[in-house]
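The values are calculated or read from the model by the stated rules, or taken from the named source; none is laboratory data. In this text, all values refer to a predicted model and were calculated from it rather than measured experimentally. As a convention, Cβ positions derive from the backbone with ideal geometry for all residues, glycine included, and neighbour counts pool all protein chains shown.
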Amino acid sequence: MVNDQVHTIGVRVRESGPFLMAPDFLSSANNLLRLLGEIDIALSPSLSRTSDWTLKELYRHSPAAIVVEPVVREGQLDNRSAIIDTVMEGIAELKERDIRPRYFSDQALNSARELVSVLGDRVHQVEVFTPTMRIVCNETIAANVREILHPGREMVGSIEGFLEAMNSHRGFTFALYEPVLASRVDCQLDPDLDERELAQLKKRIYDLYENRVRVSGALRTNRKGEVRSAIVRDVETLRTNAKFSDAKAVSGIFDITGGLGASEYVRRMRDAG
């Protein structure tokens, strides 16, 4: 028998003053439900809701908390665990960096941002939790969402790094690890390429997995000018081994004396003067 307690998620709101205002608590609860609904749709093959959310528990003491559980709609796929896991993973990622979490639409990002909008003079803490995990939300989530939704600019160019983290679920995406700045650039293939070009590019990326490459296309930055994502039109491998095996192999490349020895070259330059 499945323990439905595993499929629960809730939000706790701790007040700063002597009272918790009802709109603050209800706002956090409502935005969590909106976020759950958006992720449900994103995960569904039919892009429709698979679950309804019912009230499981309600705590009125401090901190006030609400716990909800999903009930699978008739004839729909049971996505309960995936929905909750994706929401928790996405919120945790938004606390760390300004990269769009998987399956987070603009609407889902806005719900995550609004989840913490009540923090301030009246609300001290907002926490999202499951039976096995808890995340204390903070203003960093809202700041990172703003960076994602309002990036710095888009430009045509290229960036170098190591191919990693490929994913073919609901479209092909991959990541480029840029070692100099120790940053990760989320990449997807340019949808304007024709089917043959897309297939060739996808195969090339598979073949070059974990290699150092240069990807070219439309680069998107955040407001600090750091590249955060790319729409890729081409990928090429970069040299990983030294071009010259020893010093002798370099000889002659930068020959400014025309083959003369150093003393003879200096003597001739002096005589010419």
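Any residue that is among the small types (Gly, Ala, Ser) and surrounded by fewer than 21 Cβ atoms within 10 Å (Cβ to Cβ) - is there at least one of those in region 34-41? Among the residues of region 34-41, at least one is among the small types (Gly, Ala, Ser) and surrounded by fewer than 21 Cβ atoms within 10 Å (Cβ to Cβ), which makes the answer yes.
Go through Gly217, Gly258 for me and flag whichever is at pLDDT below 60 and either in a strand (DSSP E or B) or over 27 Å from the mean Cα position of the chain (by Cα) (or both). Walk me through it before giving the result.
Working: Gly217 fails: at pLDDT below 60.
One residue alone meets the criteria, Gly258.
Only a single criterion out of (1) surrounded by 17 or more Cβ atoms within 10 Å (Cβ to Cβ); (2) within 15 Å of Gln107 (Cα to Cα); (3) of a type in the set (A, V, I, L, M, F, W, C) is not satisfied by Ile83, namely (2). Taken over region 54-80, the residue count meeting the criterion of being surrounded by fewer than 18 Cβ atoms within 10 Å (Cβ to Cβ) and either in contact with an Asp or Glu (Cβ under 7 Å, 6 or more places away or on another chain) or acidic (Asp, Glu) (or both) is 9.
Which ones in region 17-33 are small (Gly, Ala, Ser) and either in contact with a Pro (Cβ under 6 Å, 6 or more places away or on another chain) or surrounded by 14 or more Cβ atoms within 10 Å (Cβ to Cβ) (or both)?
First pass over region 17-33, keeping only residues small (Gly, Ala, Ser): 17, 22, 27-29.
Once the filter is applied, which keeps residues that are small (Gly, Ala, Ser) and either in contact with a Pro (Cβ under 6 Å, 6 or more places away or on another chain) or surrounded by 14 or more Cβ atoms within 10 Å (Cβ to Cβ) (or both), region 17-33 yields Ser27, Ser28, Ala29.
Residue by residue through region 34-68, note down the ones that are over 15 Å from Ser105 (Cα atoms), under 28 Å from the mean Cα position of the chain (by Cα) and of a type outside the set (Asp, Glu). Quick ask: steps written out before the conclusion?
In the first step, residues of region 34-68 are kept if they are over 15 Å from Ser105 (Cα atoms); the result is 45-46, 50-68.
In the following step, the residues that additionally are under 28 Å from the mean Cα position of the chain (by Cα) were identified as 45-46, 50-53, 67-68.
Of everything in region 34-68, those that are over 15 Å from Ser105 (Cα atoms), under 28 Å from the mean Cα position of the chain (by Cα) and of a type outside the set (Asp, Glu) turn out to be Pro45, Ser46, Thr50, Ser51, Trp53, Val67, Val68.
Suppose we filter Leu55, Leu77 for residues that are aliphatic (A, V, I, L, M) and touching a strand residue (DSSP E or B) at 6+ places or on another chain (Cβ under 8 Å); which single one remains? Within the list Leu55, Leu77, the selection yields Leu55.
The single condition from (1) touching a helix residue (DSSP H, G or I) at 6+ places or on another chain (Cβ under 9 Å); (2) modelled with pLDDT of 90 or more; (3) of a type outside the set (D, E, K, R) that Met166 fails is (2).
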